[in-house]
Amino acid sequence: MVRETNRHFKFDWITIILFFLLVGFGWLNILSASHTGTDINYFDFSQPFGKQLVFIFLTFGLVILLLAIDAKFFERFSSVIYIISMLSLVGLFLFGKNVNGATSWYAIGGMTIQPSEFAKMATALAVAKHISDINTNINSLKDQLQTFAIIILPAILVLLQNDTGSTIVYGAFFFVLYREGLPKYYLTIGVGAIIVSILSLKFGATIASFVTLILVIGFHFLSKKRLRVFQSIFVVLVAIAISFGVKFFYESILKPHQQDRISLWLRLEKDPEKLEQMKRTFAYNLNESEKAISSGGFSGKGFMEGTRTTGKFVPEQHTDYIFSTVGEEWGFLGSAFVVIVFVLLLLRILHLAELQKSQFSRVYGYGVASIIFIHFFINVGMVMGLIPTIGIPLPMFSYGGSGLWAFTILIFIFIKLDSNRINEW
């Protein structure tokens, strides 16, 4: 650790306050979600709320450490941090502990550590380092491929550990690259691929391909910027490949429980009785979560007064489904409060990112905001049934030491970089 001398620093207290506001309110909901209605010993470290209290206490020490490190340290050693993080992911295949079908944890004594949580931070540093390099041109295909490789490597390693939720988070870096000048046609390709995939699953690969053909023909004759004939043919062929490829992936690669989640989301099952059976079997968590949220009404049932929460109707409610506790006990007002705090945090980080004099700090800031946004968007959407069920925690809110510390490091590295802004030329 290197201490800085003869420098001035101004930490952004708005970001710090919003961070600890989420951590504190999250702990209250973890407490409520994990108690059984009997007398509570707040220092019962065998319970999730007791363990989380220890994690929060240690977080203060972690924050002090991060703010004491030289701001330039993170840029200089970003590549080293990334390599170490990738090695920690590879090591899981040899020494990892399997939990709920995912080999994503190291068991150390009586605790577990999830390297994939920290890999997001390491990837954000590596992407910022690469893009800010004087020799990198984001409009160059070679540099684009190199940047994609930095992002895809940890995503593949995490996917091979059967942790689909954490894999999806790496799509957040698209926002970062787009801000830094990634050509707009990538956005068109990405959105188009998603639409074709959904059409293929919902109506069949043939219909999805036919719809694409009609749209391309219409675009070719009606748009001012016409595609060349070979470009139109290429787009149609790619769409056909995506349509049949997605269908094959869904039917032959995905596991049954993953197929059922997508089927429920897109309402692919036509038989009402079978659909209802699937809801009871595979969407139990979601159904109970929706019931808990709707029962909260406008102002909620009150802290620790949620009957569905106390009755443990929602399995693992203190982790991925923690937002359902907010909905039941704090109602619409409490849910809106959480959403507003997250939005304020994201806007604040983006505002600070735009103020950075260093491209490295700006890119990293956008990486922080993008990762938090994806987590927040997917988790809340999942709990409310707006998107398929994906195992992904609510940042700073859900139970878990690895997640809390990973987001602490992610955010406070940026706070440190921002504090050094007045010393940048």
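The values are calculated or read from the model by the stated rules, or taken from the named source; none is laboratory data. None of these values were measured; they are calculated from a predicted model. Neighbour counts run over all protein chains shown; Cβ positions are idealised from the backbone, glycine included. Heavy atoms of the whole protein, side chains included, go into the accessibility calculation; ligands, DNA and RNA do not. Shrake-Rupley method; radii C 1.70, N 1.55, O 1.52, S 1.80 Å.
What residue, of 94, 125, 87, 65, is within 17 Å of residue 408 (Cα to Cα), of a type in the set (A, V, I, L, M) and surrounded by fewer than 23 Cβ atoms within 10 Å (Cβ to Cβ)?
Numbers: 94 fails: within 17 Å of residue 408 (Cα to Cα); 125 fails: surrounded by fewer than 23 Cβ atoms within 10 Å (Cβ to Cβ); 87 fails: within 17 Å of residue 408 (Cα to Cα).
On inspection, the qualifying residue turns out to be 65.
Among what's in the stretch 154-202 and is among the charged types (D, E, K, R), touching a residue at least 12 places away in the same chain (Cβ under 8 Å) and not in a helix (DSSP H, G or I), pick the residue that is farthest from residue 126 (Cα to Cα).
Ranking the candidates gives 163 first.
Working carefully through the options 390, 411, find the one that is closer than 25 Å to residue 55 by Cβ and part of a helix (DSSP H, G or I).
On the way: 390 fails: part of a helix (DSSP H, G or I).
Result: 411 is the single residue among 390, 411 that is closer than 25 Å to residue 55 by Cβ and part of a helix (DSSP H, G or I).
Residue pairs, Cβ under 9 Å, 6 or more apart or interchain, first in the stretch 39-61 and open to solvent by less than 50 Å² (accessible area, probe 1.4 Å), second among the aliphatic types (A, V, I, L, M) and part of a loop (DSSP other than H, G, I, E, B). List them.
Partner pairs satisfying both residue conditions: 40/304; 49/40.
Since residue 308 meets every condition but one in (1) at pLDDT 85 or above; (2) in a helix (DSSP H, G or I), which condition does it not meet?
Every listed condition holds for residue 308 apart from (1).
I'm trying to understand the selection: among the residues of the stretch 120-143, which are closer than 30 Å to residue 402 by Cα and not charged (D, E, K, R)?
The answer is 121, 122, 123, 124, 125, 126, 127, 128, 130, 131, 132.
Restricting attention to the stretch 91-113, and to residues there that are out of contact with any Ser or Thr (no Cβ under 9 Å at 6 or more places or on another chain) and β-branched (Val, Ile, Thr), which single residue is farthest from residue 316 (Cα to Cα)?
108
Tell me which residues, restricted to the stretch 72-129, are assigned to a strand (DSSP E or B) and among the small types (Gly, Ala, Ser). Full working, then the answer.
Looking only at the stretch 72-129, we keep the residues that are assigned to a strand (DSSP E or B), and these are 97-99, 102-108, 111-113.
Result: 102, 104, 107.
I'd like the residue in the stretch 311-343 that is among the acidic types (Asp, Glu) and buried (at least 22 other Cβ atoms within 10 Å of the Cβ) and, out of all such residues, is modelled with the lowest pLDDT. Before the answer, list the steps.
Filtering the stretch 311-343 down to residues among the acidic types (Asp, Glu) leaves 316, 320, 328-329.
Next, only the ones that are buried (at least 22 other Cβ atoms within 10 Å of the Cβ) stay: 320, 328-329.
Details: 320: 84, 328: 90, 329: 90.
Ranking the qualifying residues of the stretch 311-343, first place goes to 320.
For residues that are within 18 Å of residue 342 (Cβ to Cβ) and over 15 Å from the mean Cα position of the chain (by Cα), scanning just the stretch 367-398, find the one that is surrounded by the most Cβ atoms within 10 Å (Cβ to Cβ).
Filtering first and then ranking leaves 384.
If you take the residues of the stretch 291-305 that are assigned to a helix (DSSP H, G or I) and in contact (Cβ under 8 Å) with a residue 24 or more places away in the chain, which of them is least open to solvent (accessible area, probe 1.4 Å)?
Only one residue tops the list, namely 292.
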